[in-house]
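Trainee: Once you've had a glance at the structure underneath, I'll fire off some questions.
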Amino acid sequence: MDIDFPLVLVVLTFASGLIWLADILFLRKRRLAVSSDSTAEEDLPKEPYLVDLSRSFFPVLAIVLILRSFLVEPFQIPSGSMLPTLEVGDFILVNKYAYGLRLPVAGSKVVSIGDPERGDVMVFRYPEDGKTNYIKRVIGLPGDTVRYRDKQLFINGEKIESEFVVRLPPVEVRREDLGTVEHDIFHTMGRSGAPGEGEWRIPEGEYFVMGDNRDNSNDSRYWGTVPDELIVGKAFAIWMHWESFTSLPSFKRVGGIE
């Protein structure tokens with residue numbers, strides 16, 4: 001069963017805050033009134049366990065909620081769809097305010113700061129279920145026409161150049177130039193044609209995304225564009241690599257994300 005961690009965090013934060021506030025406004029006064037005739041410390045009513053727990057955890061929960069909702073949120077890469085840029089087991093940091101401040105859980109934008117740009121590595125909620133976090137590269141902006149044919153990308157009729165780098169069977173590495181960003185992509189060698197061929201017109205308020213591992217990525221070529229309201233943030237750094245619990249964490253890949 002998938003756990004909606006943002007929702008759980010919001011519920012716990014508000015519940016602990018309400019309990020603490022209720023104690024300050026009402027319950028504490030009653031305890032003090034009961035103990036007003038007694039001066040012995042052992043006769044003073046003890047603070048209820050739930051109140052003590054809420055008072056201790058509310059500040060911590062509130063700070064975590066603010067940080068991960070409006071500033072920076074960590075994610076782990078679960079698949080190879082963004083190879084060679086991101087590897088399975090990379091732990092990344094996502095800028096939550098780059099594309100505007102959004103309400104936790106609902107995702108509604110309350111303050112507009114910026115919009116995704118071509119070449120950004122973006123985290124968003126999968127349009128098919130609105131819950132699962134995906135990470136892909138922004139290829140098409142609102143109003144663009146994107147065409148993908150024979151492993152060649154075209155944007156608004158212009159061919160996107162890619163330079164051969166090296167062959168690492170079973171893949172070929174190429175350096176793609178999106179105008180503002182240059183990054184490496186994978187093409188599977190020996191595979192005829194190209195998965196996900198087609199042409200798409202990008203609606204207003206939506207974005208066309210693709211994985212850097214072009215022949216092995218479940219992206220906009222198959223399920224469509226990403227609406228603005230499903231955007232989570234911009235991935236900007238790798239802070240650790242830890243592929244599995246049977247391996248040791250590594251910091252060799254620490255750095256920015258192209």
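What follows is calculated from the coordinates using simple rules that are stated; it is not laboratory data. Keep in mind that what you see is a predicted model, and the values were worked out from it rather than measured. Don't worry about glycine lacking a Cβ; one is built from the backbone with ideal geometry, like all the others, and counts go over all protein chains shown.
Trainee: Please report the orientation-averaged projected area of the stretch 52-146, defined via the convex hull of its C-alpha atoms, in nm².
Mentor: 8.1 nm²
Trainee: How much mean residue ellipticity at 222 nm does the chain get from its helices, if each DSSP H run of length 4 or more adds -39500 (n - 2.57) and you divide by all residues, to the nearest 500 deg cm²/dmol?
Mentor: Computed mean residue ellipticity for the chain: -5500 deg cm²/dmol.
Trainee: While we're on this one: Above 30 angstrom, tally the Cα pairs of the chain and express them as a % of all pairs, no decimals.
Mentor: 41 percent
Trainee: Rounded to the nearest angstrom and ordered from largest down, what semi-axes does the equivalent ellipsoid of the stretch 145-194 get from its C-alpha gyration tensor (root of 5λ)? Working shown, then result.
Mentor: Working: eigenvalues 79, 42, 7 Å².
Result for the stretch 145-194: semi-axes of 20, 15, 6 Å.
Trainee: Determine the principal axes of the Cα atoms in the stretch 103-182, then give the extent along each, sorted from largest to smallest and rounded to whole angstroms.
Mentor: 44, 28, 21
Trainee: Could I ask something else about it? Along each of its three principal axes, how wide is the spread of alpha-carbon positions in the stretch 148-229, in whole angstrom units, largest first?
Mentor: Projected onto the principal axes, the Cα atoms of the stretch 148-229 cover 39, 25, 23 Å.
Trainee: Next question, about the same structure. Any chance you could count the Lys pairs in the chain whose alpha carbons are under 15 Å apart, treating pairs 8 or more apart or on different chains as valid?
Mentor: 6
Trainee: Between the helical axis of 49-66 and the dominant principal axis of the chain, each derived from Cα atoms, what acute angle in degrees is found, rounded to the nearest 10?
Mentor: 30 degrees
Trainee: Also, I was wondering about something else. Counting other C-beta atoms within 10 Å, which of 241, 187 has the fewest, and how do the rest follow?
Mentor: 187, 241
Trainee: Can you tell me what percent of all Cα-Cα pairs in the stretch 182-224 are more than 17 Å apart?
Mentor: Numbers: 346 of 903 pairs.
Across the stretch 182-224, Cα pairs with separations above 17 Å total 38 percent.
Trainee: With the chain treated as a Gaussian network of Cα nodes joined by springs under 10 Å, which of 195, 227, 169 yields the largest mean-square fluctuation?
Mentor: Answer for the Gaussian network model of the chain: 169.
Trainee: Another question, then. I'm a student and want to see the number: the projected area of the Cα convex hull of the stretch 107-258, averaged over all directions, in nm².
Mentor: Directional mean of the projected Cα hull area for the stretch 107-258 stands at 10.6 nm².
Trainee: Please state the equivalent ellipsoid semi-axes for the stretch 216-258: what are the square roots of 5 times the Cα gyration tensor eigenvalues, largest first, in whole Å? Could the numbers behind the result be given before it?
Mentor: Values: eigenvalues 162, 46, 19 Å².
Taking √(5λ) for each eigenvalue gives 28, 15, 10 Å, largest first.
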